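Just below is one structure, and these are the notes that go with it.
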Amino acid sequence: AQSVTQPDIHITVSEGASLELRCNYSYGATPYLFWYVQSPGQGLQLLLKYFSGDTLVQGIKGFEAEFKRSQSSFNLRKPSVHWSDAAEYFCAVGAAGGGADGLTFGKGTHLIIQP
Amino acid sequence: DAGVIQSPRHEVTEMGQEVTLRCKPISGHNSLFWYRQTMMRGLELLIYFNNNVPIDDSGMPEDRFSAKMPNASFSTLKIQPSEPRDSAVYFCASSQGNQPQHFGDGTRLSIL
């Protein structure tokens, strides 16, 4: 069975500092990987996805993520965070159908931005 | 373009009552998903449909839960009878082909 681990429940970063959110997955084949962001009272918004090809993927809002098969990781990064980045971030893995199959989500990382 | 539309946004009802959550997927999307979010268990897939046909309902917690998709533009998730432990935020999502899923804003359900 597939699973996703986000080891950090909370992360606090100063505004303007760099950010890295960790994600490790367990899946038997080549996974489809996603990062979503959730603001309070809102649904989930897709930041970026990895299906195949270049292992460094660019997303919206200046985020990027790198797929490392050897480490079963898909960490999310941003060089300089803004106060508006404060939210809950979810890593998810899907099966061969990409978005056509149900996703397995990590428990999320709550990002706090210090002024 | 309209996104995934869920109704109601909030529902408060008493234990034992029937609850019906509604979802309108994005037009043209052929897959629809129901998820539940709680503090304890995070986001869990309940059931999903491809071309209106239920594909995997293994995440549906009990027989009290049922979901239907009578046509490409509408789905319901029903809980009967409801219990306090069903309190959660329920999300609907839709996708086209293997493209990423788009989520609605969710229904916050409270069972008293």
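Nothing in this text is a laboratory measurement; each read-out follows from the coordinates by a stated rule. Keep in mind that what you see is a predicted model, and the values were worked out from it rather than measured. A quick note on method: Cβ atoms are made from the backbone with ideal geometry, for glycine too, and the neighbour counts reach across all protein chains shown.
Of a type outside the set (Phe, Trp, Tyr), within 28 Å of B:Ser94 (Cα to Cα), surrounded by 14 or more Cβ atoms within 10 Å (Cβ to Cβ) and within 13 Å of the chain's Cα centre (by Cα) - does that describe any residue in the range A:95-102? No, the range A:95-102 contains no residue that is of a type outside the set (Phe, Trp, Tyr), within 28 Å of B:Ser94 (Cα to Cα), surrounded by 14 or more Cβ atoms within 10 Å (Cβ to Cβ) and within 13 Å of the chain's Cα centre (by Cα). Scanning the range A:33-47 for residues that are farther than 14 Å from B:Gly106 by Cβ and within 9 Å of chain B (Cβ to nearest Cβ) turns up A:Phe34, A:Leu46.
Selection of the range A:12-32 for residues being more than 14 Å from chain B (Cβ to nearest Cβ), in a strand (DSSP E or B) and crowded, with 17+ Cβ neighbours inside 10 Å yields A:Val13, A:Leu19, A:Leu21, A:Asn24, A:Tyr25.
Only one entry in B:Ser73, B:Ser82, B:Ser7 is away from chain A (no Cβ under 12 Å), within 11 Å of the chain's Cα centre (by Cα) and of a type in the set (Gly, Ala, Ser), namely B:Ser7. Among the residues of the range A:65-87, those that are in a loop (DSSP other than H, G, I, E, B) and buried (at least 17 other Cβ atoms within 10 Å of the Cβ) comprise A:Val81, A:Ala86. With respect to the conditions (1) buried (at least 16 other Cβ atoms within 10 Å of the Cβ); (2) farther than 20 Å from A:Gly94 by Cβ; (3) touching a Pro at 6+ places or on another chain (Cβ under 8 Å), B:Val4 lacks only one, and its number is (2). When B:Ser95 is tested against the conditions (1) among the small types (Gly, Ala, Ser); (2) within 14 Å of chain A (Cβ to nearest Cβ); (3) surrounded by fewer than 21 Cβ atoms within 10 Å (Cβ to Cβ); (4) in contact with a strand residue (DSSP E or B) (Cβ under 6 Å, 6 or more places away or on another chain), the lone failure is (3).
For the range A:82-94, indicate whether the set of residues that are over 21 Å from B:Gln101 (Cβ atoms) and polar (S, T, N, Q) is non-empty. Yes: one or more hits. Between B:Tyr35, B:Tyr48, the distinction of being touching a Pro at 6+ places or on another chain (Cβ under 8 Å), closer than 25 Å to A:Ser39 by Cα, within 9 Å of chain A (Cβ to nearest Cβ) and not β-branched (Val, Ile, Thr) belongs to B:Tyr48 only. Applying the criterion of being over 14 Å from B:Gln6 (Cα atoms) and touching a residue at least 60 places away in the same chain (Cβ under 8 Å) to the residues of the range B:68-91, the residue that is surrounded by the fewest Cβ atoms within 10 Å (Cβ to Cβ) is B:Pro84.
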